[in-house]
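Input: a single structure, listed below in structure tokens.
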Amino acid sequence: LVGCASNPRVSRVASDEVVDLSGYWNDTDSREVSEEMIADSLGRVWIDEWRGATGEKPTVIVGAVRNRSSEHINTTTFTKDLERAFVNSGRVRLVASSDERGGLRDERLDQLRNATIDTAKSMGKEIGADFMLIGGINTIIDGAAGTSVRFYQVELELVNLESNEKVWIGQKKIKKVVERSRYRL
């Protein structure tokens, strides 16, 4: 039996080009939200107050960003976009996440056993974070007669790890109207 299968047509586009096929959360949403929210956080008073009090850049860790939406959203991609925006700003120091630290500690232990003394990295010299970025992604979906509205609300908070004081709260909203054809070919 021969099936009726069509070969997909694939075209390459620039990775920063906006391609929105379904209306669901996508790479453009992730990149734009992360860049805008990090820029907003770094433009607020908390960072100048910290630098004035300590004379140093604050050290930040990106914690959990929870997917509270009705769809699958790869929050790892989003948190990596947040980390990239922080690092590229040059205004803060960023430390590895708790998941990454385990592998780094294992590597240091391996070096202590197997590398030369002058090249092995020592234990106990990690930099502690001053602030943790946490948050969530929420959605509201509405629809009727082939048209739906997908509303995303991303909320992030920057928390002082020593005092639990929230020093910045950011929010970004995205609304997409998705119209489906009633007739399919």
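Could you please find all residues in the range 120-139 being within 11 Å of VAL60 (Cα to Cα) and of a type in the set (Asp, Glu)?
ASP130
Looking only at the range 128-182, how many residues end up being under 23 Å from GLY43 (Cα atoms) and of a type in the set (Ser, Thr, Tyr)?
1
I'd like to know if the range 142-164 contains one or more residues that are open to solvent by 80 Å² or more (accessible area, probe 1.4 Å), free of Cβ contacts under 8 Å to residues at least 24 places away in the same chain and under 21 Å from ARG31 (Cα atoms).
No.
Based on this model, can you work out whether VAL62 counts as at pLDDT 95 or above, touching a Ser or Thr at 6+ places or on another chain (Cβ under 6 Å) and among the aliphatic types (A, V, I, L, M)?
yes
Taking the criterion of being touching a helix residue (DSSP H, G or I) at 6+ places or on another chain (Cβ under 8 Å) and β-branched (Val, Ile, Thr), would at least one residue in the range 15-26 satisfy it?
Yes, some residue in the range 15-26 is touching a helix residue (DSSP H, G or I) at 6+ places or on another chain (Cβ under 8 Å) and β-branched (Val, Ile, Thr).
I'd like to check something: does the range 24-41 contain any residue that is modelled with pLDDT of 85 or more and more than 15 Å from LYS172 (Cβ to Cβ)? If you could, list the steps in order and put the result at the bottom.
Here is the first cut: in the range 24-41, the ones modelled with pLDDT of 85 or more are 24-41.
Filter again for more than 15 Å from LYS172 (Cβ to Cβ), leaving 24, 27.
Yes, the range 24-41 contains at least one residue that is modelled with pLDDT of 85 or more and more than 15 Å from LYS172 (Cβ to Cβ).
Hey, can you tell me all the residues within the range 50-83 that are assigned to a helix (DSSP H, G or I), touching a residue at least 40 places away in the same chain (Cβ under 8 Å) and within 20 Å of GLU165 (Cα to Cα)? Give the steps one after another, and end with the answer.
At the first step, the residues of the range 50-83 found to be assigned to a helix (DSSP H, G or I) are 50-54, 75-83.
If we keep only those that are touching a residue at least 40 places away in the same chain (Cβ under 8 Å) too, we end up with 50, 75, 77-78, 81-82.
Hit for the range 50-83 is TRP50, nothing else.
Among the residues in the range 68-79, are any more than 14 Å from the chain's Cα centre (by Cα), hydroxyl-bearing (Ser, Thr, Tyr) and either modelled with pLDDT under 95 or open to solvent by less than 90 Å² (accessible area, probe 1.4 Å) (or both)? Talk me through it step by step, then tell me what you get.
First pass over the range 68-79, keeping only residues more than 14 Å from the chain's Cα centre (by Cα): 68-72.
In the following step, the residues that additionally are hydroxyl-bearing (Ser, Thr, Tyr) were identified as 69-70.
Among the residues that remain, those that are also either modelled with pLDDT under 95 or open to solvent by less than 90 Å² (accessible area, probe 1.4 Å) (or both) are: 69-70.
There is at least one residue in the range 68-79 that is more than 14 Å from the chain's Cα centre (by Cα), hydroxyl-bearing (Ser, Thr, Tyr) and either modelled with pLDDT under 95 or open to solvent by less than 90 Å² (accessible area, probe 1.4 Å) (or both).
Failed condition for GLU155, given (1) of a type outside the set (Val, Ile, Thr); (2) modelled with pLDDT under 95; (3) within 12 Å of the chain's Cα centre (by Cα), with all others met?
(2) is the only condition that GLU155 fails.
Which number in (1) hydroxyl-bearing (Ser, Thr, Tyr); (2) farther than 30 Å from SER22 by Cβ; (3) assigned to a strand (DSSP E or B) marks the one condition that THR139 misses?
(2)
Is there a residue being among the charged types (D, E, K, R) and either surrounded by 12 or more Cβ atoms within 10 Å (Cβ to Cβ) or at pLDDT 90 or above (or both) anywhere in the range 6-20? Quick ask: steps written out before the conclusion?
Of all residues in the range 6-20, those among the charged types (D, E, K, R) come to 9, 12, 16-17, 20.
From what's left, either surrounded by 12 or more Cβ atoms within 10 Å (Cβ to Cβ) or at pLDDT 90 or above (or both): 20.
Checked the range 6-20: at least one residue is among the charged types (D, E, K, R) and either surrounded by 12 or more Cβ atoms within 10 Å (Cβ to Cβ) or at pLDDT 90 or above (or both).
Looking only at the range 80-94, how many residues end up being surrounded by 13 or more Cβ atoms within 10 Å (Cβ to Cβ) and farther than 15 Å from MET37 by Cα? So that I can check it myself, show each step before the final result.
If we filter the range 80-94 for residues that are surrounded by 13 or more Cβ atoms within 10 Å (Cβ to Cβ), which is where we start, we get 80-87, 89, 91-94.
Narrowing further to those that are farther than 15 Å from MET37 by Cα: 93-94.
Final tally of qualifying residues: 2.
Under 6 Å between Cβ atoms, at least 6 apart or on separate chains: pull out the pairs that start in the range 28-49 with a residue that is surrounded by fewer than 17 Cβ atoms within 10 Å (Cβ to Cβ) and end on any residue that is in a helix (DSSP H, G or I).
These pairs meet every condition: GLU35/ALA85.
Taking the range 95-126 as the region of interest, how many residues are open to solvent by less than 50 Å² (accessible area, probe 1.4 Å) and either in contact with a Phe, Trp or Tyr (Cβ under 6 Å, 6 or more places away or on another chain) or among the charged types (D, E, K, R) (or both)? Can you show your working first?
From the range 95-126, those open to solvent by less than 50 Å² (accessible area, probe 1.4 Å) are 95-97, 102-103, 108, 111, 115, 120; that's our starting set.
Those still in the list that are either in contact with a Phe, Trp or Tyr (Cβ under 6 Å, 6 or more places away or on another chain) or among the charged types (D, E, K, R) (or both) too: 108.
The number of residues fulfilling the criteria is 1.
Among the residues of the range 84-127, how many are in contact (Cβ under 8 Å) with a residue 40 or more places away in the chain, basic (Lys, Arg) and not in a helix (DSSP H, G or I)?
Here the count works out to 1.
The values are calculated or read from the model by the stated rules, or taken from the named source; none is laboratory data. Everything numeric here is computed off the predicted structure, so don't read it as measured data. Methodologically, a virtual Cβ is constructed for each residue, glycine included, from the backbone with ideal geometry; neighbour enumeration extends over all protein chains shown. For the accessible areas, the whole protein counts, side chains as well, though only heavy atoms, and no ligand, DNA or RNA atoms are used. Shrake-Rupley method; radii C 1.70, N 1.55, O 1.52, S 1.80 Å.
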